[in-house]
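The values are calculated or read from the model by the stated rules, or taken from the named source; none is laboratory data. Model, not experiment: these values are computed from the prediction. Here the Cβ is made from the backbone with ideal geometry for all residues, glycine too, and neighbour counts use every protein chain on show.
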Ligand code: C2E
Ligand code: MG
Ligand code: MG
Ligand code: MG
């Protein structure tokens, strides 16, 4: 009949939506279980100075060991986790895990370099973050500057006043703070001055084209100059070629992170670097 037509197409549409909702929900449940079963792990990407490369830090990047031979990258789970409070628990786990790793390296007599942990927006608007950091420091007794937090520029701008208040408390504990993916949001450095940060990470998209795009080269040069004027250290993300590295060094960039210097790697191989 005439009436059956729209109804049928509506059913198609709704089944499709239902399937997707179901998939997302199923993934969220699986992630929650994975957190309980301790199936998340951290890989570590080294950071070096440009001049006579010296290891000065590393970034902790989360991975999910979904099955013995399936390692899932953040693009496969962070977004879903961010839609629920799950990201808050996962982030708390990452902070504690990183602090414990620093403590373990110190106990083993290794060189001490700071580990930076990524913090998502939802976690940054959650007061518990201060307590999570405080407890991690208390439990591990590591020097606080060996723990760093990275928040993206977009997160910083989400609810700037609230984020600033929370970050001040964390900074008071002695923990370092970086603004991640800088240049992708809409803030100016003048505005960021209000944030109690000590480091800025230039987004990979600017580094990628630094050798071929005059505008990107100019943006990077100006960003570094202003950041230094504000007393911030500058990290370049995603350094992949010698040419990019040379240009960044010439612009006085402080720290390099990228495949040219080292990929994110499991605990065992990064420990070998220390
Ligand atoms: P991010 O914090 O900007 O981390 C840098 C990403 O760039 C990492 O991807 C890293 O593997 C990749 N990368 C580093 N050097 C290069 C390079 O030379 N070339 C290219 N093409 N890529 C490079 P990864 O590990 O897949 O992480 C992606 C994003 O997931 C991170 O971006 C971060 O936003 C998020 N993430 C990772 N771990 C966590 C976590 O523990 N908590 C939260 N909330 N987010 C996390
Ligand atoms: Mg990061
Ligand atoms: Mg980044
Ligand atoms: Mg990025």
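Any chance segment 194-215 includes a residue that's assigned to a helix (DSSP H, G or I), more than 16 Å from ligand 3 (Cβ to nearest atom) and over 24 Å from residue 63 (Cα atoms)? Quick ask: steps written out before the conclusion?
Step one: of segment 194-215, the residues assigned to a helix (DSSP H, G or I) are 204-208, 214-215.
From the residues that got through so far, the ones that are more than 16 Å from ligand 3 (Cβ to nearest atom) too are 214-215.
Pick out the ones that are also over 24 Å from residue 63 (Cα atoms) and you get 214-215.
Yes; the residues of segment 194-215 include at least one that is assigned to a helix (DSSP H, G or I), more than 16 Å from ligand 3 (Cβ to nearest atom) and over 24 Å from residue 63 (Cα atoms).
Any idea how many residues of segment 159-193 are assigned to a strand (DSSP E or B), more than 16 Å from ligand 4 (Cβ to nearest atom) and without any contact (Cβ under 8 Å) to a residue 40 or more places away in the chain? Even if it seems obvious, please write down each step before you answer.
So the first thing to find is which residues in segment 159-193 are assigned to a strand (DSSP E or B), and the list is 176-182.
After this cut, where a residue has to be more than 16 Å from ligand 4 (Cβ to nearest atom) as well, the list is 176-177.
Next cut, without any contact (Cβ under 8 Å) to a residue 40 or more places away in the chain only: 177.
Of the residues in segment 159-193, 1 are assigned to a strand (DSSP E or B), more than 16 Å from ligand 4 (Cβ to nearest atom) and without any contact (Cβ under 8 Å) to a residue 40 or more places away in the chain.
Please name all residue pairs, on different chains or six or more residues apart, with Cβ atoms under 8 Å, provided the first residue is in segment 236-265 and is free of Cβ contacts under 8 Å to residues at least 24 places away in the same chain and the second residue is in a helix (DSSP H, G or I) and buried (at least 21 other Cβ atoms within 10 Å of the Cβ).
Filtered contacts from segment 236-265: 260/244; 260/245.
Among (1) in a helix (DSSP H, G or I); (2) surrounded by fewer than 18 Cβ atoms within 10 Å (Cβ to Cβ); (3) at pLDDT 90 or above, there is one condition residue 111 misses while meeting the rest; what is its number?
The single condition residue 111 does not satisfy is (1).
How about segment 21-66: which of its residues are buried (at least 18 other Cβ atoms within 10 Å of the Cβ), within 13 Å of ligand 1 (Cβ to nearest atom) and assigned to a helix (DSSP H, G or I)?
31
Considering only residues of segment 121-156 that are within 15 Å of ligand 4 (Cβ to nearest atom) and modelled with pLDDT under 95, which is nearest to residue 264 (Cα to Cα)?
152
Just to be sure I understand, how many residues within segment 67-97 are assigned to a loop (DSSP other than H, G, I, E, B) and exposed (fewer than 15 other Cβ atoms within 10 Å of the Cβ)?
Going through segment 67-97, the residues assigned to a loop (DSSP other than H, G, I, E, B) turn out to be 68-69, 73, 77, 83-85.
Narrowing the set further to residues that are exposed (fewer than 15 other Cβ atoms within 10 Å of the Cβ) leaves 68-69, 73, 83, 85.
Result for segment 67-97: 5.
Quick check on my filter: what residues within segment 221-243 are buried (at least 20 other Cβ atoms within 10 Å of the Cβ) and more than 16 Å from ligand 4 (Cβ to nearest atom)?
224, 227, 232
Out of all the residues in segment 125-162, which are exposed (fewer than 15 other Cβ atoms within 10 Å of the Cβ) and under 16 Å from residue 115 (Cα atoms)?
141, 143, 145, listed by residue number.
Report yes if residue 165 is over 16 Å from the mean Cα position of the chain (by Cα) and either within 21 Å of residue 59 (Cα to Cα) or within 16 Å of ligand 3 (Cβ to nearest atom) (or both), otherwise no.
On the way: over 16 Å from the mean Cα position of the chain (by Cα): yes; either within 21 Å of residue 59 (Cα to Cα) or within 16 Å of ligand 3 (Cβ to nearest atom) (or both): no.
Here the answer is no, as residue 165 does not meet what is asked.
How many residues, within segment 225-249, are touching a helix residue (DSSP H, G or I) at 6+ places or on another chain (Cβ under 8 Å), away from ligand 3 (no atom under 16 Å from the Cβ) and part of a helix (DSSP H, G or I)?
Taking segment 225-249 and keeping what is touching a helix residue (DSSP H, G or I) at 6+ places or on another chain (Cβ under 8 Å), we get 226-227, 230, 233-234, 236-240, 244, 247-248.
Still in the running and away from ligand 3 (no atom under 16 Å from the Cβ): 226, 230, 247.
Right, trim to part of a helix (DSSP H, G or I) and you get 226, 247.
So the count comes out to 2.
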